[in-house]
Amino acid sequence: MTAPASTPPAAARGLQWGIRLNVNSAGSFGDAQSNFNPLMKGAPLDVYPGVFVRHPLSQKLDLQAGIALASPVDLQREKLVHTMMRPERAVSPQATYAQENITFDRLYYIDVPLTLQYRLSSRFSVGSGLQVSVLQKAIGEKQFQEYDRMDMMIARDPEVPEPENVTRSAATGESLNKLDLRWVLGAHYRLGVRWEISAQYQKGLSGIVKDNAFGQQYHVRNSFLQAGVGFRFGK
């Protein structure tokens, strides 16, 4: 018996791979100053690339893996401010101490998802699985502040800090976790022979900040929607 056209045998479909451009609801829109994407730095839209591979397991199931670079997550609503004492920076005569504050604005990750895809029709499929995201770059605003003996701020440098790459700063290493494990749930729709669109929900299963880095009860998990358009190779 011949399989229906909408569900070709796995062997007939063969290995598929493709490229995709994605955007995230948390990080890809607005706030051009915090956009440190290597290809789109300073642009209001932060689009990032990815590749994927699909291996057919049966007439209905596919195993999909991939990798995406420079996936942005916005942190401004979390107001993550890391403070470190910097007594050597106190230069004003009336200053008794100084501190360095870094406010994290945006994080960039390398995403490595592994999902199981179920084809509902020849064009539409849904899938779910796990994703490991590795912190690639941290963007934040750095400011030094001086205080007098009454704990009143008397100076700050710069007056209005601008976002910069703070990945290698001590604050990033002390406060942010390198790995982020996420559960992903998504859907794909074919627009023709090669093109497809996708939407995905990503939910962090682990906190992105280290214990007690911003207070004992402060826990932050990544949670956002991702959308993409892809071009597929293979059968």
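Out of the residues in region 90-127 meeting the condition of being among the small types (G, A, S) and surrounded by 15 or more Cβ atoms within 10 Å (Cβ to Cβ), tell me which one is modelled with the lowest pLDDT.
The extreme case among them is A90.
Mind checking which residues of region 177-192 are exposed (fewer than 14 other Cβ atoms within 10 Å of the Cβ) and charged (D, E, K, R)?
Within region 177-192, K178 is the sole residue that qualifies.
List the pairs whose first member sits in region 146-172 and is farther than 19 Å from R106 by Cβ, whose second member is open to solvent by 80 Å² or more (accessible area, probe 1.4 Å) and not in a loop (DSSP other than H, G, I, E, B), and whose Cβ atoms are under 6 Å apart, counting only residues at least 6 apart or on separate chains?
Once the first residue is farther than 19 Å from R106 by Cβ and sits in region 146-172, its partners that are open to solvent by 80 Å² or more (accessible area, probe 1.4 Å) and not in a loop (DSSP other than H, G, I, E, B) give Y147/M153.
Which residues, taken from region 66-89, are open to solvent by 40 Å² or more (accessible area, probe 1.4 Å) and either in a loop (DSSP other than H, G, I, E, B) or aliphatic (A, V, I, L, M) (or both)?
I67, L69, Q76, R77, E78, K79, V81, M85, R86
Of A12, A5, which residue is part of a loop (DSSP other than H, G, I, E, B), at pLDDT below 80 and open to solvent by 20 Å² or more (accessible area, probe 1.4 Å)?
Unique residue meeting the criteria: A5.
The values are calculated or read from the model by the stated rules, or taken from the named source; none is laboratory data. Predicted model, so just to flag it, every value in this text is computed and none were measured. Positions of Cβ are backbone-derived with ideal geometry, glycine not excepted, and every protein chain shown enters the neighbour counts. SASA here: full protein model, heavy atoms, side chains in, ligands and nucleic acids out. Shrake-Rupley method; radii C 1.70, N 1.55, O 1.52, S 1.80 Å.
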